[in-house]
Ligand code: ADP
Ligand code: MG
């Protein structure tokens with residue numbers, strides 16, 4: 001579904017990604033972890049071309065993401081992206097946030113988009129909040145609307161960049177539960193998260209990054225019980241001592 005081949009990225013002089021080569025199969029859930037500044041956000045942002053790369057290639061469903069001819073707006077509808085901050089449009093209700101792209105980008109009728117949007121809000125447990133505005137919703141609810149909005153374009157791939165990091169602790173679970181149900185339904189997902197219980201329970205593979213390199217990838221059981229690199233060992237022991 002996604003294939004990284006010798007991906008290199010620089011921010012000016014700074015080498016942010018070095019020779020990242022790995023792949024994500026259809027229906028697979030990958031959790032990306034690693035110290036702050038290791039390149040996790042940069043890597044997942046290259047997948048929907050929020051970041052350009054200077055070397056290597058990335059393929060999504062066989063399409064070269066960074067080729068010149070790519071229609072970027074059309075392409076981005078194929079990749080759902082959920083950030084740390086929810087980025088809902090504040091002047092629009094939950095359902096209008098969810099329906100916006102299907103109507104504006106895909107040209108769906110308002111009625112059709114609304115029906116599908118209501119089903120998506122129901123799926124994230126928020127059908128009863130369809131007409132609420134973002135400021136009337138809790139952080140966890142806003143993030144669930146953001147997930148529904150990303151799903152509205154029926155993307156085959158979902159990217160999550162620390163979707164629970166800005167939430168009060170009591171709201172983390174409701175967002176992780178939505179992500180878990182998506183994973184169970186077979187969505188292909190790349191998730192940057194510090195929620196290691198989520199990784200253990202849901203991930204098919206954990207990717208560990210440090211200093212712009214993909215240091216190791218493994219099944220969660222193996223990664224958590226027996227990390228191979230010194231850097232991963234240190235990362236996990238730091239994590240546990242917090
Ligand atoms: P992570 O998500 O793992 O914390 P990032 O991918 O955000 O790491 O950042 C990786 C490195 O690239 C960091 O050293 C960061 O300072 C640098 N970086 C990220 N974005 C930019 C940018 N827009 N310009 C310059 N440097 C950046
Ligand atoms: Mg980050």
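The values are calculated or read from the model by the stated rules, or taken from the named source; none is laboratory data. What you see is a predicted model; the values in this text were computed from it and never measured. Positions of Cβ are generated from backbone atoms using ideal geometry, with glycine treated the same way; all protein chains shown enter the neighbour counts.
Some observations on this one:
- In region 88-109, residue nearest to residue 146 (Cα to Cα) [restricted to those that are surrounded by fewer than 15 Cβ atoms within 10 Å (Cβ to Cβ) and either touching a helix residue (DSSP H, G or I) at 6+ places or on another chain (Cβ under 9 Å) or touching a residue at least 40 places away in the same chain (Cβ under 8 Å) (or both)]: 89
Every residue, every condition in (1) modelled with pLDDT under 95; (2) within 13 Å of ligand 1 (Cβ to nearest atom); (3) part of a loop (DSSP other than H, G, I, E, B); (4) in contact with a helix residue (DSSP H, G or I) (Cβ under 7 Å, 6 or more places away or on another chain), yes or no:
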| site | (1), (2), (3), (4) |
| --- | --- |
| 4 | no, no, no, no |
| 21 | no, no, no, no |
| 27 | no, no, yes, no |
| 52 | no, yes, yes, no |
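- Region 54-77, subset in contact with a strand residue (DSSP E or B) (Cβ under 9 Å, 6 or more places away or on another chain) and part of a loop (DSSP other than H, G, I, E, B), residue farthest from residue 240 (Cα to Cα): 70
- Selection from region 150-164 of residues that are surrounded by 22 or more Cβ atoms within 10 Å (Cβ to Cβ), within 16 Å of ligand 1 (Cβ to nearest atom) and part of a loop (DSSP other than H, G, I, E, B): 163, 164
- Here residue 124 fulfils each of the conditions (1) within 16 Å of ligand 1 (Cβ to nearest atom); (2) farther than 26 Å from residue 46 by Cβ apart from (1).
- Residue that is nearest to ligand 2 (Cβ to nearest atom), among those in region 37-50 that are within 17 Å of residue 84 (Cα to Cα) and modelled with pLDDT under 95: 50
- Residue 161 being under 21 Å from the mean Cα position of the chain (by Cα), farther than 15 Å from residue 96 by Cβ, within 16 Å of ligand 2 (Cβ to nearest atom) and modelled with pLDDT of 95 or more: yes
- Residue match in region 51-59 (condition: free of Cβ contacts under 8 Å to residues at least 60 places away in the same chain and within 16 Å of ligand 2 (Cβ to nearest atom)): yes
- Criterion: surrounded by 17 or more Cβ atoms within 10 Å (Cβ to Cβ) and either at pLDDT below 95 or at positive phi (or both) - qualifying residue of 34, 62: 34
- Checked against (1) modelled with pLDDT under 95; (2) within 19 Å of the chain's Cα centre (by Cα); (3) not in a loop (DSSP other than H, G, I, E, B), residue 86 passes all but a single condition, namely (3).
- All told, residue 108 falls short of being in a loop (DSSP other than H, G, I, E, B) and within 15 Å of the chain's Cα centre (by Cα).
- Taking region 1-35 as the range and being over 22 Å from residue 219 (Cα atoms) and within 16 Å of ligand 2 (Cβ to nearest atom) as the test, the residues that pass are 9, 11, 14, 16, 17.
- Residue within region 137-149 that is surrounded by fewer than 21 Cβ atoms within 10 Å (Cβ to Cβ), free of Cβ contacts under 8 Å to residues at least 12 places away in the same chain and more than 13 Å from the chain's Cα centre (by Cα) present: no
- Any strands (runs of 3 or more DSSP E) falling wholly within region 165-242 and containing at least 3 residues that are touching a residue at least 12 places away in the same chain (Cβ under 8 Å) and surrounded by 19 or more Cβ atoms within 10 Å (Cβ to Cβ): 188-192, 205-210
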